[in-house]
Structures are given as structure tokens and as C-alpha cells.
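A.B. asks: The structure is given below, and queries will be raised subsequently.
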Amino acid sequence: MIRSLPIEPAMATRPEEWVPALTLAVGNYSSLGAMPWEQVRHIEIFPNVRVGESTWIVPEEWLPPGELRRARSRTLVVSCAREGQELEDGTSITDQSIRRSLLALALPRRTRTGVRSLKPSSWLQKARLLLHMAEWVTSNRTSPDRTLWSHLSDEDWKTMPLELSDSSGSRERIRAVIRDLAELGSRGVLSDFPLPQPVAGRTPTGVVLETPSREETPRRVPEEKEARSTEPFSDAFVSEVVRRAIWLQDNLGSQLIECWALLRSHATEAASKGRSTSHPKAIEERRAIIASFPWHDASGDPLDHLPWEVSWTKEKRTTAIWPPRDASSINIMIGVLQALNYCVVGFCTGGRSSELLDGDDTSVDPDNSGHYQARTVKLEDTETGRIRDWPIHPRARRALHLQQEIAQVIRPDGEGHLWMLLQDGAEPAGSPLRNVNEPVVRAISQLGLKHLTGNSRPHSHRWRHTVARLIALCVASAPQVLMDLFGHRDLEMTLHYMLSDPEIAQEAKRVASEIAYAIAEEALGDVEAGTAGGAVATSLENGIADFKMRRGEHELGSESLSEAIRILTFNGSHWELVRPGVLCTKGLGEFGPCTQGRGSPDPGGCRTSCEHRLEMARAKADCAGALDQLLREHAIAIEEQAGMVLANIEGQILAHLKRWDDVREKVFASSETARSIWSSRRTA
């Protein structure tokens, strides 16, 4: 049954209330497409914004920190009407269809993973695509009855994404919106929607959208577009950026902020006397402040040169001489300092820009925990996201403390954000930083590092891919580590980051092979010297002896050792370091207790009794230390009469005693308990 009275506005004041409030206001979804416009236009889509209005503004606090919070980014003009098309209420049939479509996109719908709804930020991105689509229709495929979608043909739907974007990703996102509209129309939520047409192979619920062939000619002249942000930074770039950041932290950071604060105070004082910053007297006084400031390096020596050059815009020169003449150059260095602080934190955490920009004073090392704490929204089911933390390196902590010093100079009282606009612009200086990319790009150029950025701009997201690359190359369990660090839900997303560099798979394979070779070289040296342990050590020792005898050698030379390693490790593809000092020599076709069969070894199931286990000599000290600790815990368990704990500890002691004969004999000499455990278990 369709309501006959205007719908009471939905009073959503928080993002998590948005969809439930819309659901309550709309009522039965299947009737929304047939609901009179007079009723639909009264629905409150956002606080104090009704569907019937021509401008929609998403509340700032409903969006994650970053560029989306800018007023222009969250404001939508939801109208494509041409002059003379307006109806009595000021809208047109086209505008009504646009607004109904935008409203429908905000409602929950059933997906393959259950009932889902868009967060405000995701809805906003789809809404902008839909408005571009509507503008294309009104400019190229107008309908006599002013409908927006239902009159379009198959060819129109294929043409639209191609003419709206040259990016394959953007084209696919447009096609996704088209599929959403078709599905909403099939459920009665929309009356004007992409209609299925009688074409073979079409699904009953939507429009078939073919992916264009590679040979297809673009339908519009390609425009210059943002370089991809998935390319990891080169080692040379990372090294130079971090080197400059560390030097600034140790030598100039706090001094620079102090001088900048003096210059800002002077500007305020001069303004009170009616003098602008361009007044000759004010310029002279600011230069005097800079020249007389006691600049010094970390050792206390006078500082007259930087270890690298900086481009001074106003002075029109690139130099390492310090200090600069003008206040504008100090402003440039403050911008460079903030950009490098962000790069260090991004490199140490791998966080998204929205997560890092969400940080405030309470985020920095709460309770001396060695963590950075902020809100993550992406991939979270709740609109408000959740608070998470990242372990931070001392250098990242220092960068955040410098940001707090900058904030104390320019941030308005009562605010707590860490990253901010440093000059007046779309918002006053001291406002939260919305777009971190432009300041970073500018700073990298001023530092003369643009030539090291590769084929892409130094986009902030590239730090995330850089972290993924480095961990993929250095850490055996890289996917699991990155899933936790990046907050991913599944391995597929993590692999996208790990393999974003086309050459990373080959590089990772090469590094893994080199690591396997180096470890195998050390292990075989231990075996040959008789200091290795583990069940496989004896058979390897016999095999090496036979190998040397056949080659007529008393000890393995470099060439013989290399050949032995290649044979035993299958050219570096086997022999996995499953824990410090412990190698697994199991091949893919061999049986092992860790997998209860054949297949890749499972490091978590490694057992001391496994016939493929090889203990390196450097693990002896760890074994002796572990036994010492376990024997102390054994005594405590006896004193506390903890029977189950006692049995567990004895099992661990026995496992360690089996690893090396000489370690076992040394422990026996000082511990009657160890001898008793060994004897009783052997008897049992």
C-alpha cells in the first residue's frame, strides 16, 4: 500500500544511523518506484537535506579523514535539467530520476555475501559517477519523455563507459553502477532504470555489459590523468627520503618550528600596527629574526649548510646554504618537514592516508605502548569504523612528536588533529589537512628527488605498496604479516599489494633463493663440522662424506659446496627456515608429520622428532637457554602442584633434550630433574 501523506523526515545525526533512518522513511522498498514524487521529495537524505533539494551536502564527520571532507568534495549538485524543463515544484522529470537513483543506491540490498549497504564515502563516490552518467545522457541521448535510463539501448550502455573515461578501472566502476540500477529496477525500487532488451545471452535482472576488446579504438581523446599509485618506491628514493627525514629530526626540526613560530608572532604583531607582510619594514624585521636565530646542528656546532640542496621559490635558487633569507623559505621548510614526517609514518606503518590523517594528540604512543592509534573505516562493517593501532618505530614516534610541535604553533585551540594546512587556502591555516598528496609531491620536488619517483607521482598510497614489497622480499610469512598490518579481510587483497610491482614476483623468488642458498651453506658447514643437530643431521653427514670421497676431497671447496647446495635444495627452492636456527629439508613429495602426509611443510607443526628437521649450530645456545627456563618453570609447577602444567613442561623439556647430545650431557651434569625426566620417559 502506497502512503498518501508526506513522509516524516528521517533524523539521522550519525553515519551509523543513516541507512536505518532511510529504511524507516522509505518503508516497503518495492513500492518506492511507484511512490509519487510529492512524497519522495520530502525524504531527508542527509540531516536537513531533503531529496527534493537541488544541492546535497554529506556531513563532514560522516566521511573518513582526507580529501573527501573538503566542502567541494562532499557537495553534490543533483540536477541536469535544461532551461524550460522544470515542473511546478522546480524539478524536472530528469532530475527526479537522478535523485530517485541516488536515494536507491543508499538503501540496503542483498548481495552474494548477505544484505549490504554503502557507507557514506562509498555512496558519495558512486553518486559522482552516476551524475557523470546522467550528464552524458542529457548531452548525448535525450529522451522525448525526459526519462533518464529506460530509453537507452544496448549500444548506448556499451558506449557510455568508453566515452566517460579512458581508465579501465573507472569504466568498470561505471558498469557496476549500471548493474546496480538495473537490479534496483527489477525489484521495484526504481521505475526509470536500465531495461533488459531481447538479446540472446541476456540475464533477466540487468543489462549485459561487454568488456571492450583491446583493439577497440577509444571514443574520445585521452586526457592526461593521474599516474597510478600502486608502484612501489625505489630503494634509492626511500633511502634518500628517510636520510633527509632523519637528519631533519636530529638537527633542525625543533629549531625550525621555533623560528617559524617567532615569524608568525611577528606577522601578527605587524598586522596589529597596520603593516602587511609585504611592507618593507616587516620584511626587514623578519629577515633579521632568521639571521639572528642561533642555528646549530645536533652536536651544538653552528649550522651554515644543509647536507643536501633545497629549492627556494621566492629566492629563485637551489642551494644548501643555511639559513635562507626570507620567511617564505622557512614556510617551505616547514612544509617539507611535515611532508617528510608523513612519509616516515607511512613507511613505518603502511597505513592508508585516511587512517594516518585521522590521528590526533591522543593517537601518539598512548600509555607509552609504542603504538600509533587511529580509526580505520575501509573494510569495516560499521559506518564509523573501528579504532586500531600500529607498532611504530622510534623514528616514526619522533616524526609524530614534531607534528605536535607544529600543531602547537598553528592549530586552533580546542582541536587535536596532527596534520594540517600550513597556509590559508580553501580553509584557514591550521585546519585539518584534507589532501596529503599535493604537499608531499611539492616537498619531493623542492628536495630535488623527483627523478627518483619512477613513472608515477609520489602519491601517499605508494608507501603502502612499498611496505608490501619490502616485507614480501624479506619475510618468509609475508602474506600473514601484511594481512595483519594492512587490516585486510582476505589473502587476495594482500597479494594485490605484494604483486603490484610487475617484477616483484621474480625479485621475491630471487631473494628467497639467495636466502635459501646462504642458510644451506651455513647448515652444511655445521653438518660437516659435526655441530648440527636434528634427525636428518646424521644422514646428511654420511651423504657429505660420500660426496667428498667420490670427488676425492678432504673438505668441500667452494665449487663442490655450491654443487652440493644446488642438489640438496633443488636450486634454492627447498630448505625452509621454519624457526630460528631450524631448517626443514622436506621436499614436496615427501611425507612429514607436520602435514600428516605429502605437501608443503607447515612451520607451525614442526616437531623435534621429524626426520627432515635440521638444527643449526647457532640454535644450540637457544636450546640451552630454553632448557634452563623450562627447568625453573618445572620447579614452580611442582611447588604449586599444577599437574597438567607439569606434564606439558616435561614434554617440552624432553623435546629439547633430544636435540643435541652435548647440550643434553651438559644439562644432565647440573640437573637431576633433567636426568629423571629423560630416564622416566625412555623407560615409559
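A.B. asks: Give a residue-ordered list of calculated ³J(HN,Hα) values for segment 333-342 (Karplus: 6.51 cos²θ - 1.76 cosθ + 1.60, θ = phi - 60°; whole Hz; x for Gly, Pro).
C.D. replies: Listing the rounded values in order: 5, 5, x, 5, 4, 5, 4, 5, 4, 5 Hz.
A.B. asks: Under a crude label model (7 Å from the Cα following the beta-carbon direction), how far is Arg607 from Asp622 in nanometres?
C.D. replies: 2.0 nm
A.B. asks: Going 7 Å from the Cα of Ser292 toward and past its Cβ, which residues in segment 246-274 have a backbone nitrogen under 14 Å from where you end up?
C.D. replies: Taking a point 7 Å out along Cα→Cβ of Ser292, the residues of segment 246-274 whose backbone N falls under 14 Å are 262-263, 266.
A.B. asks: At what distance in nm do the modelled label points of Gln629 and Asn368 sit from each other, each positioned 7 Å from its Cα along Cα→Cβ?
C.D. replies: The modelled label-to-label distance comes out at 2.3 nm.
A.B. asks: Multiplying the sequence separation of Arg109 and Gln404 by 0.36 nm and subtracting their Cα-Cα distance, what value in nm do you get? If you can, show how the numbers build up before the last one.
C.D. replies: Numbers: separation 295, 0.36 × 295 = 106.20 nm, distance 4.36 nm.
The Arg109-Gln404 span can extend by a further 101.8 nm.
A.B. asks: Right, another one. Net charge within 14 Å of Gly448 by Cβ-Cβ distance, Lys/Arg positive one each and Asp/Glu negative one each, not counting Gly448 itself?
C.D. replies: Local charge sum for Gly448: +3.
A.B. asks: While we're on this one: Take Glu38 and Ser311, extend 7 Å from each Cα along the Cα→Cβ direction, and tell me the distance between the two endpoints in nm.
C.D. replies: With each label point 7 Å from Cα toward Cβ, the separation is 6.3 nm.
A.B. asks: Please give me the summed charge of the neighbours of Ala245: other residues whose Cβ is under 12 Å from its Cβ, Lys and Arg +1, Asp and Glu -1. Present the calculation step by step, with values, prior to reporting the outcome.
C.D. replies: Values: positive: Arg243, Arg244, Arg395, Arg398; negative: Glu240, Asp250.
Value of the local net charge: +2.
Bear in mind that the values in this text are calculations on the coordinates, not laboratory data. Being a predicted model, the structure only gives us computed values, none of them experimental. All Cβ positions, glycine included, derive from the backbone under ideal geometry; neighbour counts span all protein chains shown.
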